[in-house]
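No value in this document is a laboratory result; all are computed from the given coordinates. Just so we're clear, the structure is a prediction, and the values are computed from it rather than from any experiment. Positions of Cβ are backbone-derived with ideal geometry, glycine not excepted, and every protein chain shown enters the neighbour counts.
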Amino acid sequence: MGLGKVMMDLCGKQNHCDLLPIQTFLRDLENDETLVVQSCRSFESADVAEHFVSEIYRVEVTGFKKNEDKQQDYKKMLIVKCRLRNEAVVKEFNFEEVYKNEWLAYTRILPILNKNASGDLPIPRCFYADPTMLVLEDLSVLGYKTVDIVEPFTVQHVESTLCALAKLHSASMIMEENDYESLEALSVFTNDVVYNHGDVSNPAKYQKLNIDLAIAVFKELGDSDENYSVLEKLNRLKDICFDLQKKLVCTKRPYRVINHGDAWFNNIMLKDGKAMLLDLQIMRFTSPAVDLSYFLYVNLKPSMRRENLDRFLDVYLENLEGVKRSKNWLVKEMKEFAVVGFINALWLLPLFYFKKEFLGISQEMTRSDQEYINMYLNNASFYFKERLREIVIDFFNHEDCPLVL
């Protein structure tokens, strides 16, 4: 029996599993033929719920190594990511392709990017990969942690993450300068399932629904000139938001890089001023401003982003490795791609403020559009509505919105 089948059985709550494939795998990983595996157990790594693409487990392996005539206790913690077992959800939301993307990221994209990077990329190591399962290093053992969901980032956290994104992007920029054909060939493995691959009707639907939710919140606020103007712009944006983003993301830009694609707080772990980027399921080949706008809009309060934006862009540019890009170019890109950050901030905002029972995809599959809006509107806290209001007002009041509005 192979390692993949054994790990799948273990994470499927089987009482027993064949330890020999795990022992063989770890002997090779540790380069130690004396290692003996005595037990394995798995438990959920996080409160995964149905909203996420993978089932994620921590696997604890215990045993011993032989050192001359002595035995030395051995323990190894691993992260195992399995494809979702709920076939209805996988089919409805195209999660087969999303999961495949991470397998391609680790087997095809990252080995090439790492060759063009200065040192290892800020991404957890992958020890085993097949189309249904990944075995990754457990960063929590090294002291890495995610941050609090409601107030996720300090300025230091933001700067650490920008350094990580700069390092990731730098590898593409170096390839672009030295061997652009190889970079374009590599980009074929980035299947953008949100904007540009297969059936994108679900992302378009839910982005539009979350603008409808914003409209409902502003209607609650009552009549005022400001609210009337905001409602007018939201209604216009609702009908064009997806096509507008798709055109931006998919059109060739002066500089393109392989983006992480999903840099929200749950996919970032931090330790001592260093950030690591998790979940490579939405990597895309486009302007680096897509990653930057997404990260800064989704994770930060508008006031924090606005007050520190100039400094944040400087940090990013200063931490590009082996290449230089102008500040004027990046400022222009950030202005154009602000709408991508804004729409995704509205789309992901419920994940910051609602309990998991409201977020299950199976429930979303059975709700009508109006039921979806009413469910969030009727259960939203003051803090959710206030954050939503701040995001919308900030976007429309600071000339970030597209000229068509």
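Sorting the segments 166-176, 284-294, 266-276 by their residues' average number of neighbouring beta-carbon atoms within 10 angstrom, most packed first, yields 284-294, 166-176, 266-276. Restricting the calculation to Cα atoms, the stretch 185-283 shows an Rg/Rh of 1.08 when the hydrodynamic-style radius is the Kirkwood one. Does the stretch 94-244 classify as rounded, prolate or oblate by the C-alpha gyration tensor (a ≥ b ≥ c root eigenvalues; a/c under 1.5 gives rounded; else a/b over b/c gives prolate, otherwise oblate)? Prolate, since a/c reaches 1.5 and a/b exceeds b/c. Screening the chain for whole DSSP H helices with an alpha carbon extent of at least 20 angstrom along the helix axis and a mean Kyte-Doolittle hydropathy of at least -1.0 yields 155-178, 201-220, 225-250, 302-318, 338-353, 382-397. Computed from point charges on the beta carbon alone (+1 for Lys and Arg, -1 for Asp and Glu), the dipole magnitude for the chain about its Cα centre is near 120 Debye. With the charge dipole of the chain set up from +1 on Lys and Arg Cβ and -1 on Asp and Glu Cβ about the Cα centre, the Cα lying farthest toward the positive end among the listed residues M173, S42, Q245 is that of M173. By the count of other C-beta atoms within 10 Å, a proxy for reagent exposure, Y297, Y255 are ordered fewest to most as Y255, Y297. Pairs K76/K271; K246/K385; K301/K335: which are spaced more than 22 Å apart, C-alpha to C-alpha? Those over the limit are K246/K385. Between S39 and Y206, the FRET efficiency from the beta-carbon distance, with R0 = 56 Å, is close to 0.85. Computed about the Cα centre, the dipole magnitude for the stretch 3-85 is approximately 160 debye when only Lys and Arg (+1) and Asp and Glu (-1) carry charge, each at its Cβ. When W329, W264 are sorted by how many other C-beta atoms sit within 10 angstrom of their C-beta, beginning with the fewest, the order is W329, W264.
Counting other Cβ atoms within 10 Å as a rough exposure proxy, the listed residues T161, T132, T154 run T154, T132, T161 from fewest neighbours to most. Taking the charge dipole of the chain about its Cα centre, with +1 at Lys and Arg Cβ atoms and -1 at Asp and Glu Cβ atoms, the residue from L296, T132, S54 reaching farthest to the positive side is T132.
Of interest is the spacing of the C-alpha centroids, which for the stretch 230-253 and the stretch 137-177 amounts to 28 Å. Database remark: amide H of F285 closer than 5 angstrom to the amide H of N259 (H placed geometrically; neighbours at sequence offset of 5 or more, or on other chains; Pro and chain starts carry no H).
The mean of 1/r over all pairs of different alpha-carbon atoms in the chain, once inverted, gives a Kirkwood hydrodynamic radius of 22.6 Å. Taking every alpha-carbon pair in the stretch 3-85 and binning the separations at 10 Å intervals from zero gives 18, 47, 25, 9, 2, 0 percent. With K and R counted +1 and D and E -1, the other residues having a Cβ less than 10 Å from that of L277 yield a net charge of -2.
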